[in-house]
1. Peptides 38-51, 297-310: what's the order by average Cβ count within 10 Å, highest mean first?
2. Give the Rg (one decimal place) followed by the Dmax (whole number) of the stretch 222-317, computed from C-alpha coordinates and expressed in Å.
3. Please give me the summed charge of the neighbours of residue 221: other residues whose Cβ is under 11 Å from its Cβ, Lys and Arg +1, Asp and Glu -1.
4. Can you tell me the FRET efficiency between residue 150 and residue 446 if r is taken as the Cβ-Cβ distance and R0 is 35 Å, rounded to the nearest 0.05?
5. Expressed in whole Å with the largest first, what are the equivalent ellipsoid semi-axes of the stretch 199-260 derived from the C-alpha gyration tensor as the square root of 5 times each eigenvalue?
6. Provide the FRET efficiency to the nearest 0.05 for the residue 339-residue 436 pair, computing r from the beta carbons and using R0 = 41 Å.
7. Computed over the Cα atoms of the stretch 305-439, what is the convex hull's projected area averaged over all directions, in nm²?
8. What nm distance separates the two modelled labels at residue 405 and residue 41, each placed 7 Å from Cα along Cα→Cβ?
Amino acid sequence: MTQDVEMKDHPAPSNSVSSTVPSTLQHLKEIAALIESGSYAKEVRRIVRAVRLTMALRRKLTAPVLSAFLNFALVPGSEAYTRLSVYLPKEDEQDMEVDTAASAVQAPGKHLLPELEIYCHLLVLLFLIDQKKYNEAKACSSASIVRLKNLNRRTVDVLASRLYFYYSYSYELTGNLVEIRGNLLALHRIATLRHDELGQETLLNLLLRNYLHYNLYDQAEKLRSKAPRFEAHSNQQFCRYLFYLGKIRTIQLEYTDAKESLLQAARKAPVAARGFRIQCNKWAVIVRLLLGEIPERTIFMQKGMEKALRPYFELTNAVRIGDLELFRTVAEKFSDTFSADRTHNLIVRLRHNVIRTGLRNISISYSRISLVDVAEKLRLDSENPVADAESIVAKAIHDGAIDATLDHANGCMLSKETGDIYSTNEPQIAFNSRIAFCLNMHNEAVRALRFPPNAHKEKEGAEKRRERQQQEQELAKHIAEEEEDDF
């Protein structure tokens, strides 16, 4: 249901409790009916739609609404009801006496479904996290995981994947992420045995995040390489996987693969997931600088990212110029930002690239230059800058970074004339990489095509189809606002 429908059904002012509560509660009842029908028909798509509708209602969840919904969906006095009602404050019970009584009458025995029970756990957990009651959220999520281990139903998998995410998130918010690593490994093993692919995707990403949080990159790579391979079912989980893979590849000095993974994660991420895209772009900028590339200015001018990417823009400018002193200044100025982003160690690696870029600019500008002037222009601050400049030039010549010769007798560097680049294989290599990129994108687009399993059997009328399309458009607007919270 959309907000317009709510206003028509409930013309009372929106700031009153009596008008807001029944509206949100009615939506939750409709979602519960959708989950119930999906459970009986074994249609996972309905459960997925119910979760998306819930994310759109997340900001409207209050303690009175959840109390009334628990009375509606669960049997009062049952174990699940008692366990979940503890986390909800009792101060507004008097305002909900009428709605609670009416809901209790509407709760028949058929609502004793595992899907609805898990859904109630998810609602309460979302409410506790939004209210910043992290310790209560930890206890609630742990109880939810214990209940999930005893359920082996494919219609529960979608709800379980959400619970896994918030289970890890609640422990991360309290700084106790290491405590659940063994439990996550056990859950991943259970999901693998049950062929729960969505659960495997979610738990694998949570384990990678757990390892990377404590800088255990080797263990993360061992887990990733030995985990079962399957086709991605969730775009959000696939984006997270690409981001974690890019970070692992960066630490392992595999910059080319890291760049491809990070750029793909930023491209596939939803537009509303701004924080996630900012992190992807930060790491991608560092990787491209380590590869000797200079990112385009448009990357730093993306809407809503200018302020967050400003330190990396100034860092890129220092690397592009090849000014070692400016590089030191930028690194010291934004040291807190780089430490918070965990890119400080990577920026230390960039010092060599700054020196090499400055040396390349010098070799292009001068056909002959003394090593003393080279050391002065590079602003080397060592005890013997001339000897360091000589070794730097010799290393750059050996690596092919510059086309020059070293005159040890006279202590100078002799640059060779720049040849025609089109007489080399570089244009062919660049053209081949672009073709491979386009072909890879085409293949991914073809694999992304999805068709409903019973599309040839279900024939809906024109009016029903228009109504469904209108609901999907309205739902997409709500999802766009909530997708950023998932990242």
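The values are calculated or read from the model by the stated rules, or taken from the named source; none is laboratory data. Nothing here was measured: the structure is a model prediction, and the numbers come from that model. Don't worry about glycine lacking a Cβ; one is built from the backbone with ideal geometry, like all the others, and counts go over all protein chains shown. Accessible surface is based on the protein model in full, side chains and every heavy atom, while ligands, DNA and RNA are left aside. Shrake-Rupley method; radii C 1.70, N 1.55, O 1.52, S 1.80 Å.
1. Values: 38-51: 17.1, 297-310: 13.3.
Per-residue mean Cβ counts within 10 Å order the peptides as 38-51, 297-310.
2. So, for the stretch 222-317, Rg and Dmax equal 13.8, 42 Å respectively.
3. On the way: positive: 222, 224, 226, 247, 249; negative: 218, 254.
Within the 11 Å Cβ shell, the charges total +3.
4. Values: r = 40 Å, r/R0 = 1.14.
That gives a FRET efficiency of 0.30.
5. Details: eigenvalues 63, 38, 21 Å².
Here the semi-axes work out to 18, 14, 10 Å.
6. On the way: r = 37 Å, r/R0 = 0.89.
It comes to 0.65.
7. Working: hull surface 43.7 nm².
In nm², the orientation-averaged hull projection of the stretch 305-439 is 10.9.
8. The two pseudo-label positions are separated by 8.1 nm.
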